[in-house]
Amino acid sequence: MEPKSRKVILAGTICYTILILFFMFLAFNRLDGATSVDGYTFILVPEGVPLKFPELNYSWIVGFGNIAAFIPFGILFPLLYRVRFGKFISLFVLAILVLETIQALTYLGSFDINDVISNTIGAAIGYVAYRVGFSSKISYKKLMTSALSIVVLIIGVMVVSEIIKKREGPIQSLTVMKEMTGTTPMTEKLPSFTVAGERIEPKMNMYSSEGESTKTYNYILGNKENVWLSFYFGIPDNVNFKGEAKIIVDGQEVYQLNEQSSQGAEALRELPFNKVNELTIIVSGNGKLWDVGIRGMQHWWE
């Protein structure tokens, strides 16, 4: 490379690096956020390949920017210093880890492993583009091929992300979970009844006190994360309109239903939980829960 061209590329690299550092440490009112110290933020568990198919929302734009903004580094640095991919990507990851740590320690951002993955993917895509179009004599055809390789690789990242991302799974009856007590709901020959004049025919299960004052159903879910508990609640017609159901998660009551909260037969409830280990359902009086199930996020092959 000619000395003049090298100087131009070096100057461009320095300017672009300063711009990226500005966005990482000063943009988006980061200085204002640094004045209210709530503690260091370290996100160490990745959510997956961090770029889904295009969506018209802020989150997707940020995710795309975290990849696209670092593509030039994969081109510029190898142009300045002939370096193999392994060494380049290792040094790049080290630099990003340091910058993310500084962000967290100065309260100008958080250490987010998802950002590290996104930035590294961008740099790797840039290095491939460098090898295709810039590693030898540059021509218009090579530049077009290099640009096309960037587009193809970004689309490839999106495809991989869509393949391995988790989606909402089907509703499963709680009876498939390991129970702590011998109390079990009805799952066969479920009786029909009416609630607010509507005929109810449970399909999966039914929880009731069955003539007793109170009945408790206890389950161990094994620290399930990002789950939804779904169920119907009602008090049958032609009986004493008194009944109650409580949902208790890991020893804490999170939901209570009674005759005042009954909304009729078609009032499906769904309760989201970040993590559930022990789930307890307590039913008393003439209250009934039916088609109680749980669903979570899972991969398409699960």
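Between the Cα long axis of helix 85-105 and the first principal axis of the chain there is an angle of about 60°, rounded to the nearest 10.
Along the chain, the longest continuous region that contains none of the chymotrypsin sites (Phe, Trp or Tyr not before Pro) in a DSSP loop with at most 15 other C-beta atoms within 10 Å is 82-240.
The local environment of Val239, defined by Cβ-Cβ distances under 12 Å, has a net charge of 0 under the rule Lys, Arg +1 and Asp, Glu -1.
Scan the chain and hand back the longest stretch that contains none of the trypsin sites (Lys or Arg not before Pro) lying in DSSP loops with at most 12 other Cβ atoms within 10 Å.
Numbers: sites that count: Arg82, Arg84, Lys137, Lys189, Lys203, Lys242.
The longest uninterrupted stretch comes out as 1-81.
Measuring between alpha carbons in the structure, the pairs from Lys203/Lys246; Lys215/Lys242; Lys52/Lys166; Lys215/Lys288 lying more than 18 angstrom apart are Lys203/Lys246. The Leu94 and Val160 beta-carbon pair, evaluated with R₀ = 25 Å, returns a calculated FRET efficiency of approximately 0.55.
Amide H to amide H distances under 5 Å link Tyr255 with Ile247, where only residues 5 or more positions off or on other chains count and H is placed in the peptide plane. With contacts taken as Cα pairs under 8 Å and at least 6 residues apart, the chain reaches a relative contact order of 18 percent. Sorting Ile235, Ile164 by solvent-accessible area of protein heavy atoms yields Ile164, Ile235, largest first, with a 1.4 Å probe.
Largest accessible area first, the listed residues Thr120, Thr13 line up as Thr120, Thr13 when surface is computed with a 1.4 Å probe on the assembled protein chains. Surface listing: Val152, Val128, Val157 arranged by accessible area from highest to lowest gives Val152, Val128, Val157, probe 1.4 Å. Met186 contributes about 60 Å² of solvent-accessible surface, heavy atoms of the protein only, 1.4 Å probe. Using the Cβ of Leu51 as centre and a radius below 13 Å, the other residues enclosed give a net charge of -2, where K and R count +1 and D and E count -1. Under a Cβ-Cβ cut-off of 15 Å, what is the net charge of the residues other than Ala95 that fall near it, where Lys and Arg count +1 and Asp and Glu count -1? Local net charge: -1.
The values are calculated or read from the model by the stated rules, or taken from the named source; none is laboratory data. What you see is a predicted model; the values in this text were computed from it and never measured. When we count neighbours, we look across all protein chains shown, and the Cβ atoms used for this are built from the backbone with ideal geometry, even at glycine. With ligands, DNA and RNA removed, areas are computed over all heavy atoms of the protein, side chains included. Shrake-Rupley method; radii C 1.70, N 1.55, O 1.52, S 1.80 Å.
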